[in-house]
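Quick notes on the structure that follows.
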């Protein structure tokens, strides 16, 4: 999970935040409480985007349901079991 840091804090503690990102931590920079940027380790951006796409596919599949032969497994089934 990404850590949220205000733009002001990111500016004042840039070296520390940059070091945390270099170690693999995802940092979301906010302005007035809204996310505006994400700082991640170089090369990790594609993986983060891939994760978001995978979550989108999973969410879509669970909304429509996944056929398991005789049954359909959907979001409601996930919470009932």
Problem - Two-site FRET efficiency, residue 36 against residue 59, from Cβ-Cβ distance with R₀ of 30 Å, rounded to 0.05 - result: 0.80
Fill in the blank from the handout: Helix-only [θ] at 222 nm, the chain, -39500 (n - 2.57) per DSSP H run of 4+, per residue, nearest 500, equals -15000 deg cm²/dmol
Practice task
Mind pulling the angle between the C-alpha long axis of helix 45-64 and the longest principal axis of the chain? Nearest 10 degrees, somewhere in 0 to 90.
Solution key: 30 degrees
Practice task
Work out how much length residue 28 to residue 2 would gain on full extension: take 0.36 nm times their residue separation and subtract the Cα-Cα distance, in nm to one decimal.
Solution key: 8.7 nm
Handout entry: Beta bridges by DSSP in the chain, antiparallel share as percent, to the nearest 5
Key = 65 percent
Practice task
Report relative contact order for the chain in percent, whole number only (criteria: Cα-Cα under 8 Å, sequence separation at least 6).
Solution key: 19 percent
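Values quoted throughout were computed directly from the atomic coordinates according to the rules given, and no laboratory measurement underlies them. Please read these numbers as outputs of a predicted model, since none were measured by experiment. Quick reminder, even Gly has a Cβ in these numbers, built from the backbone with ideal geometry, and neighbours come from all protein chains shown.
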